[in-house]
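We did not get these values from a lab; they are worked out from the coordinates using the rules stated. Everything numeric in this text was worked out from a predicted model, so none of it was measured.
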Amino acid sequence: MGLRPAGASAVMTETTAPSSARRGLHVITWGCQMNVYDSARMSDVLRPLGYQPVELPDAADMIILNTCHIRDKAAEKVFSELGRLRLIKEARKAEGQQTIIAVAGCVAQAEGQEILTRAPYVDIVLGPQTYHRLPEMVARAARAGGAVIDTDFPAEQKFDFLPEAAAPQTKGNYTSFLTIQEGCDKFCSFCVVPYTRGAESSRPVTSVLAEARRMAESGVQDITLLGQNVNAYHGEGPDGTVWGLAQLAYELAKIPGLSRIRYSTSHPRDMDDALINAHRDLPELMPFLHLPVQSGSDRILAAMNRGHTADQYRDIVLKLRAVRPDLALSSDFIVGHPGETDEDFEATMQLVRDVKFALAYSFKYSQRPGTPAAGAPLQVPEDVKDARLQALQALLRQQQDEFNATLVGKTIPVLFTGEGRKPGQIVGRSPWLQPIHVQGPHSLIGQTFSVKVTERLTNSLSGELVEETEYA
Ligand code: SAM
Ligand code: SF4
């Protein structure tokens, strides 16, 4: 595994050169699945410098906060965590130990210098597109020439400069995330992503396939392709043509051992017929799709700049269910976008009743500086947002319970991923992503077995092994 220098300016120095000295690295991750993937890749980049994960920040020579800027609460958490880390840094300094504190991710991208003003003990501020340059930044920070900020959108693609992923990107070896697309050109009125993650770009097909093969060879069976608009994927194919997500999915499905393929997050505008048909053709594409709709009101969807109507969303769902009747949907909703009236909110509730979701995430609209909706008139009062969120969440919770109830009594394939909390229990994942517990031997972990679902619990299922028959 070789670490390639980041751009023409990269020079191997004492601190960027591979090192056998062991250093502790503690990464704290907030936000989306892509941040989870990015955190693992930052660890990969730092490994040749001797950095190994440590559980506690007190034992870390470097602490990275990988941050989320999507809602104001998420961003504020960073500053309270930094206050705690300052004390650790001071205590270690008193013992003669240096601690590098780095703030990465979308808060770093959006707030840059502001972070150093509020927390001058931070050594490195880096955006989501520059973490391949971390070794250089560490070298500069270690030379103690003041803090380093790198929040560029570099011309080079970071994926061309990252070392191979060392290990699957999640806990356990059987499931993993794989980023294939980043950024967004859609500019929804409420959203910071186009500003923090930059323009839409897709990794080339060969690079994605190579990473997926390595994951499969290391035991991964259930893979989630990630992108802010993953179904807008348009990667350069080995033949020089542009491949969409459907074409990529057919190729991934040929990789031995990859039995489950998922992708997240999709945009309704990019849900084309080729992708819908891939759900018909590929049993490897799991029957569970996260397809955010945000609102059921055409007026609000237009104000949000979503580029589709509520009925167009309903049509996509009908098409998907026609080709894959067992397909379940999850979604994201925002209540209280500027201008949202009671009628608009009722249209959202109606869409939920019509579509029926197996799972959903719902949020109160949060004003994000620099986005068009932040300065829009008719901001919705907080108590109205609270009441709408409560009503929506009650309906979504009921639908989630109803969906889980439909599985009780059915026999479903479960990929076992680890031990359960109780003695003799193992836990796995259903095709619809619910955790499911059974009593069974440890030896089944890493395999897919038929399980009869016996009970639905609040956020999981329990079941019984069906004569320990491996699921074919
Ligand atoms: N690309 C995805 C899409 O188009 O639906 C969404 C990605 S965004 C990182 C995840 C979710 O955060 C969004 O679907 C939206 O529901 C929520 N979100 C984004 N900005 C928000 C804001 N300003 N206030 C509340 N929720 C927000
Ligand atoms: Fe944000 Fe809209 Fe882009 Fe999704 S599509 S990342 S919500 S701007």
Roughly how many Å is it from the Cα centre of region 62-91 to that of region 185-219, as a whole number? 25
Given H placed 1.01 Å from N in the peptide plane, which residues other than close sequence neighbours of Y51 have an amide H under 5 Å from its amide H? R23
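What is the mean projected area of the alpha carbon convex hull for region 267-358, to one decimal in square nanometres? Intermediate values should be presented prior to the final figure.
Working: hull surface 21.8 nm².
One quarter of the hull surface, i.e. the mean projection, equals 5.4 nm².
Which value in Å is the Kirkwood Rh of the chain over different Cα pairs? Please list the in-between numbers first.
Values: mean 1/r = 0.0420 Å⁻¹.
Over the chain, the inverse of the mean reciprocal pair distance is 23.8 Å.
Any idea what diffusion coefficient region 168-246 gets from Stokes-Einstein, in µm²/s, Kirkwood Rh on alpha carbon pairs, 25 °C, 0.890 mPa s? Mind dumping the intermediate values first?
Details: Rh = 13.5 Å.
Stokes-Einstein gives a translational diffusion coefficient of 182 µm²/s.
From the square roots a ≥ b ≥ c of the eigenvalues of the alpha-carbon gyration tensor of region 54-147, which class results: rounded (a/c under 1.5), prolate (a/b over b/c), or oblate? If you can, show how the numbers build up before the last one.
Numbers: a/c = 1.73, a/b = 1.27, b/c = 1.36.
The shape class here is oblate.
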Vicinal HN-Hα couplings computed from phi for region 352-369 (Karplus, 6.51 cos²θ - 1.76 cosθ + 1.60; Hz; Gly/Pro x): 4, 4, 5, 7, 6, 9, 7, 6, 7, 10, 10, 9, 7, 4, 10, 5, 10, x
Return the percentage of antiparallel bridges among DSSP beta bridges fully within the chain, rounded to the nearest 5 %. 35
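Percentage of Cα-Cα pair distances in region 326-417 greater than 20 Å, rounded to whole percent? It would help to have the intermediate numbers written out before the result.
Numbers: 1936 of 4186 pairs.
Here the long-distance tail beyond 20 Å is 46 percent of all Cα pairs in region 326-417.
Rounded, prolate or oblate: which one fits region 305-356, using the alpha carbon gyration tensor with axes a ≥ b ≥ c (rounded when a/c is under 1.5, else prolate when a/b beats b/c, else oblate)?
On the way: a/c = 2.49, a/b = 2.06, b/c = 1.21.
Here region 305-356 falls in the prolate category.
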Under Karplus coefficients 6.51, -1.76 and 1.60, residue-wise ³J(HN,Hα) of region 265-282 in Hz, glycine/proline x: 9, 9, 10, x, 5, 9, 8, 8, 4, 4, 6, 4, 5, 4, 5, 6, 8, 10
Counting only DSSP beta bridges fully inside region 146-294, the antiparallel percentage to nearest 5 is 25
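Cα gyration tensor of region 29-83, axes a ≥ b ≥ c as square roots of the eigenvalues: rounded (a/c below 1.5), prolate (a/b > b/c) or oblate? List each step's numbers first, then the result.
Details: a/c = 3.11, a/b = 1.48, b/c = 2.10.
Taking the square roots of the gyration eigenvalues as a ≥ b ≥ c, region 29-83 is oblate.
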